[in-house]
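Undergrad: Sharing a structure below in structure tokens format, with a few things to ask.
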Amino acid sequence: MQLKEESTKMEQLIETLKDKNHELEQFAFITSHDLQEPLRTITTVVADLEQQNKGDMDEMTSIYLGFLSQSAVRMRALITGLLEYSRLGKDKLLEKVDCNIILQECLADLRTYIQENQAIITSSPLPELPAYGLELKLLFQNLISNAIKFRKKNISPQIRITALQDNNYWVFSVADNGIGIDARFQEKIFVIFHRLHSRTAYEGTGIGLAHCRKIVELHRGKIWVEPNPEGGSIFRFKLPVI
Ligand code: ADP
């Protein structure tokens, strides 16, 4: 009897959590959507001011307008990231996805970035599994572009992508030879807007890994990071086979 009560309580708790989560997602969607409009106004006014006063603007005014427009660009990136975050997985259907094709598409999209950084990317054969195709591609894209971005100076990035079956899961790994991540921050980096570096050291918004975690959780999987024994990091995520 006590067991049944406990189980009912647990189910109620799960339902409450689901409702709260839905509410938060709605909130993120509405606020990020609505914030776009005033931001557009700021960007337009700054551009108009720059255009109208071209040539006869004093140095300080020109510097301030530059700050304003840089901040507006950054704010746009944050708002767009938040909006995309709240949209992830909305009204999507699981389909059979070939991860080899997804990876090839990602590498094609990142071709210039890969070439500029002389990154070497290798992979083992990857599985086919039921997934949300676009989201899975975004997951690979974020992990690979981070593996390139957080490279060690003067060493060309080497990235290895593999997948192994472990009972009812496929466990994927994206291993790099980059700067690595302090053990204290291995959980925190998956929290939205959480970054370990200044923007001058590495450009970014702190949204990529939050996207990754949400995508993996949409698939009822799990994502984590481990130190690479050879230096750098290994991001792993597991997705159910069925
Ligand atoms: P962003 O890349 O925009 O900073 P992310 O959410 O993708 O945001 O990553 C959060 C933080 O995690 C990064 O700022 C960085 O400090 C750390 N990080 C992510 N990927 C790697 C990696 N491959 N190697 C080292 N640090 C990483």
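Undergrad: Going through 9, 96, 20 one at a time, which residue ends up being under 30 Å from residue 239 (Cα atoms), exposed (fewer than 14 other Cβ atoms within 10 Å of the Cβ) and modelled with pLDDT of 90 or more?
TA: Going through 9, 96, 20 in turn, just one is under 30 Å from residue 239 (Cα atoms), exposed (fewer than 14 other Cβ atoms within 10 Å of the Cβ) and modelled with pLDDT of 90 or more: 96.
Undergrad: So, in segment 214-242, how many residues would count as being near the ligand (Cβ under 9 Å from one of its atoms) and of a type outside the set (A, V, I, L, M, F, W, C)?
TA: Count: 2.
Undergrad: Would a scan of segment 207-227 turn up a residue that is farther than 23 Å from residue 88 by Cα and out of contact with any Leu (no Cβ under 6 Å at 6 or more places or on another chain)?
TA: Yes: one or more hits.
Undergrad: When residues of segment 160-183 are filtered for being in a strand (DSSP E or B) and touching a helix residue (DSSP H, G or I) at 6+ places or on another chain (Cβ under 9 Å), how many remain?
TA: Residues in segment 160-183 being in a strand (DSSP E or B) and touching a helix residue (DSSP H, G or I) at 6+ places or on another chain (Cβ under 9 Å): 6 in total.
Undergrad: Conditions: (1) within 19 Å of residue 98 (Cβ to Cβ); (2) in contact (Cβ under 8 Å) with a residue 24 or more places away in the chain; (3) in contact with a strand residue (DSSP E or B) (Cβ under 7 Å, 6 or more places away or on another chain); (4) more than 8 Å from the ligand (Cβ to nearest atom). Residue 141 meets all but one. Number of the miss?
TA: Of the numbered conditions (1) within 19 Å of residue 98 (Cβ to Cβ); (2) in contact (Cβ under 8 Å) with a residue 24 or more places away in the chain; (3) in contact with a strand residue (DSSP E or B) (Cβ under 7 Å, 6 or more places away or on another chain); (4) more than 8 Å from the ligand (Cβ to nearest atom), the odd one out for residue 141 is (3).
Undergrad: Is it fair to say residue 213 is over 16 Å from the mean Cα position of the chain (by Cα) and either assigned to a helix (DSSP H, G or I) or farther than 28 Å from residue 108 by Cβ (or both)?
TA: When the stated conditions are applied, residue 213 does not pass them.
Undergrad: Return yes or no: is residue 160 farther than 22 Å from residue 84 by Cβ, of a type outside the set (A, V, I, L, M), surrounded by 14 or more Cβ atoms within 10 Å (Cβ to Cβ) and within 9 Å of the ligand (Cβ to nearest atom)?
TA: Against the criterion (farther than 22 Å from residue 84 by Cβ, of a type outside the set (A, V, I, L, M), surrounded by 14 or more Cβ atoms within 10 Å (Cβ to Cβ) and within 9 Å of the ligand (Cβ to nearest atom)), residue 160 does not qualify.
Undergrad: Can you name every one of the strands (runs of 3 or more DSSP E) wholly within segment 40-159 that holds 1 or more residues which are under 24 Å from residue 202 (Cα atoms) and of a type in the set (A, V, I, L, M, F, W, C)?
TA: Qualifying strands (runs of 3 or more DSSP E): 120-123.
Undergrad: All but one of (1) surrounded by 13 or more Cβ atoms within 10 Å (Cβ to Cβ); (2) in contact (Cβ under 8 Å) with a residue 24 or more places away in the chain hold for residue 120; state the number of the condition that does not hold.
TA: Residue 120 satisfies every listed condition except (1).
Undergrad: Go through segment 206-237 and report how many residues are crowded, with 19+ Cβ neighbours inside 10 Å and either aromatic (Phe, Trp, Tyr) or assigned by the TED database to the domain that holds residue 21 (or both).
TA: Counting residues in segment 206-237 that are crowded, with 19+ Cβ neighbours inside 10 Å and either aromatic (Phe, Trp, Tyr) or assigned by the TED database to the domain that holds residue 21 (or both) gives 2.
Undergrad: For segment 185-209, what are the residues that are part of a helix (DSSP H, G or I) and more than 6 Å from the ligand (Cβ to nearest atom)?
TA: If the condition is that a residue be part of a helix (DSSP H, G or I) and more than 6 Å from the ligand (Cβ to nearest atom), then 185, 188, 190 are the ones that fit.
Undergrad: Could you check residue 132 against (1) at pLDDT 95 or above; (2) in contact with a helix residue (DSSP H, G or I) (Cβ under 8 Å, 6 or more places away or on another chain) and say which number it fails?
TA: Answer for residue 132: the failing condition is (1).
The values are calculated or read from the model by the stated rules, or taken from the named source; none is laboratory data. None of the values given here were measured: they were computed from a predicted structure. Cβ atoms come from the backbone with ideal geometry, glycine included; neighbour counts cover every protein chain shown.
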